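A short write-up of the structure that comes next.
The values are calculated or read from the model by the stated rules, or taken from the named source; none is laboratory data. Please read all numbers here as calculations on a predicted model, not as lab measurements. Quick reminder, even Gly has a Cβ in these numbers, built from the backbone with ideal geometry, and neighbours come from all protein chains shown.
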Amino acid sequence: MEINDTVLSGIAEHLPEMLALRQRIHAHPELAYEEFATSDLVAERLEAWGYSTHRGLGGTGVVATLARGGAGRSIGLRADMDALPIHETTGLPYASKIAGKMHACGHDGHTATLLAAARHLAQHGRFNGTLNLIFQPAEEGFAGARRMMEDGLFEKFPCDAVFAFHNMPGFPVGQFGFLAGGFMASSDTVIIKVQGVGGHGAMPANTVDAVVVASYIVVALQTIVSRNVDPREMAIISVGAVHAGNAPNVIAETAEMRLTVRAFSPQVRALLRERITRLVATQAEALGATAEIDYQWDYPPLQNDPAMTDFARQVAVEHFGAGCLIPDVKPLTGSEDFAFMLEQKPGCYLTIGNGDGEGGCMVHNPGYDFNDAILPIGASYWVRLVERFLA
Ligand SMILES: [Zn+2]
Ligand SMILES: [Zn+2]
């Protein structure tokens, strides 16, 4: 691996060991809220380097703190630790040893990168204030960040600002992506259950056909994005599943629909909820059926604080040069648990390119791997960010 002069010497010195740690975590993936061995490993290392650690927030979460100097500001850096229920096909020597589980989103790399930074900061860090390292469980759809916050994360460990990064396949290794404002979408799940009256396929007048009602609802939903949302805003309503009926000569009594709903702004997100709820109820009623709606308010839109995003970008440019920036960063329609933390604290979520050649395999793909080349870059960046924020 190429180590250029932007990698801090203290990071380079321990790099082989930190890469081995990343690959060890990769080989032993653990799903949401089951990160027992991973969190043990994380806490044990941090304690050995002089951090005071706190276990149990959000179940398997770990928070490590280190304070230097007198009163100062406080910063939170977050890494996610969970893997996915995917069967790995990379064939790598350190591939997952557990069938059906895999670090297919690079959270092994995020964790190891933050550990590498933690070690350097404990040994050589020049800062005045409090450093909080947040290792969270269950980013992949199970809101581990929210669980940690419900367990008092920011009351117990006050943070003036919070930062996190995600590797980004398809972009050059080590290039940074920053975007102020709405960077990632909200992600809500809606389950709709239509209740009609079943009957004989030859006697429709005696029935309320749940298939017809569901079909009207699917078509009506298409008008929300096209007719209700400001065309300058982003919104997605996807009906991912419709389940109803079995036999050609039986009119279905019930139908179930499952939707994913996304937006970049809290206002559009609220509008979608209002319109979906109303359209479903009125369409069902107009056709003589009833509809039950379970609107699961999952991940909020991820909003980067403009001042903190400027600061985070500036730190990258100062250390790596202006060429380190991904030009013309666009918002992403995926969602991210760190959005909960950014609802309470100013901060910035950034991306680091995982490679546009061989490293371009997308996350959540069975052939994906975190690119180890970005570990020393990300770790050096975290060190500089902390030293600048807690100057
Ligand atoms: Zn993921
Ligand atoms: Zn991820």
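For this structure, a couple of remarks:
- On the stretch given as segment 69-89, residues that are at pLDDT below 95 and either touching a Phe, Trp or Tyr at 6+ places or on another chain (Cβ under 7 Å) or more than 26 Å from LEU350 (Cβ to Cβ) (or both) total 3.
- Elements of type strands (runs of 3 or more DSSP E) contained in segment 276-363, each with 1 or more residues being touching a Gly at 6+ places or on another chain (Cβ under 7 Å): 302-304, 347-355
- Some residue of segment 9-27 being farther than 15 Å from ALA379 by Cα, part of a loop (DSSP other than H, G, I, E, B), at pLDDT 95 or above and in contact with a helix residue (DSSP H, G or I) (Cβ under 7 Å, 6 or more places away or on another chain): no
- Residue tally, condition among the hydrophobic types (A, V, I, L, M, F, W, C), out of contact with any strand residue (DSSP E or B) (no Cβ under 6 Å at 6 or more places or on another chain) and under 20 Å from GLU139 (Cα atoms), over segment 24-56: 7
- Subset of segment 351-370 [buried (at least 24 other Cβ atoms within 10 Å of the Cβ) and within 16 Å of ligand 1 (Cβ to nearest atom)]: ILE352, ASN354, TYR368, ASP369, PHE370
- The condition of being within 16 Å of ligand 2 (Cβ to nearest atom) and on the phi < 0 side of the Ramachandran plot holds for only one of LEU332, LEU279, LEU271, that being LEU332.
- Condition check for ARG269: surrounded by 18 or more Cβ atoms within 10 Å (Cβ to Cβ), assigned to a helix (DSSP H, G or I) and not assigned by TED's automatic domain parsing to the domain that holds ILE192: no
- Pair list, Cβ under 7 Å, 6 or more apart: segment 229-241 residue within 16 Å of PRO300 (Cβ to Cβ) and part of a loop (DSSP other than H, G, I, E, B), other residue small (Gly, Ala, Ser) and at pLDDT below 95: GLU233/SER265
- Annotation note: Cβ proximity below 8 Å between a residue of segment 351-366 that is at pLDDT 95 or above and a residue that is among the hydroxyl-bearing types (Ser, Thr, Tyr) (sequence gap 6+ or interchain) occurs for ILE352/TYR381; PRO366/THR89; PRO366/THR90.
- Taking the listed residues ALA83, ALA104, the one that is touching a Cys at 6+ places or on another chain (Cβ under 9 Å) and within 16 Å of ligand 1 (Cβ to nearest atom) is ALA83, with no other qualifying.
- Within segment 326-337, the set of residues being under 15 Å from ASN304 (Cβ atoms) and away from ligand 1 (no atom under 16 Å from the Cβ) comprises ILE326, VAL329, LYS330, PRO331.
- Test for LYS101: is it basic (Lys, Arg), within 30 Å of PRO85 (Cβ to Cβ) and either surrounded by 19 or more Cβ atoms within 10 Å (Cβ to Cβ) or more than 16 Å from ligand 2 (Cβ to nearest atom) (or both): yes
- Segment 107-147, subset within 16 Å of ligand 1 (Cβ to nearest atom) and among the aliphatic types (A, V, I, L, M), residue surrounded by the fewest Cβ atoms within 10 Å (Cβ to Cβ): ALA143
- Pairing residues of segment 272-285 that are surrounded by 15 or more Cβ atoms within 10 Å (Cβ to Cβ) with residues that are part of a helix (DSSP H, G or I) and among the hydrophobic types (A, V, I, L, M, F, W, C), at Cβ distances under 6 Å and at least 6 apart in sequence or on separate chains, gives ARG275/ILE224; LEU279/ALA220; VAL280/ILE217; GLN283/ILE217; GLN283/ALA220; ALA284/VAL213.
- Filter result for ILE293 (β-branched (Val, Ile, Thr) and not assigned by TED's automatic domain parsing to the domain that holds ASN132): yes
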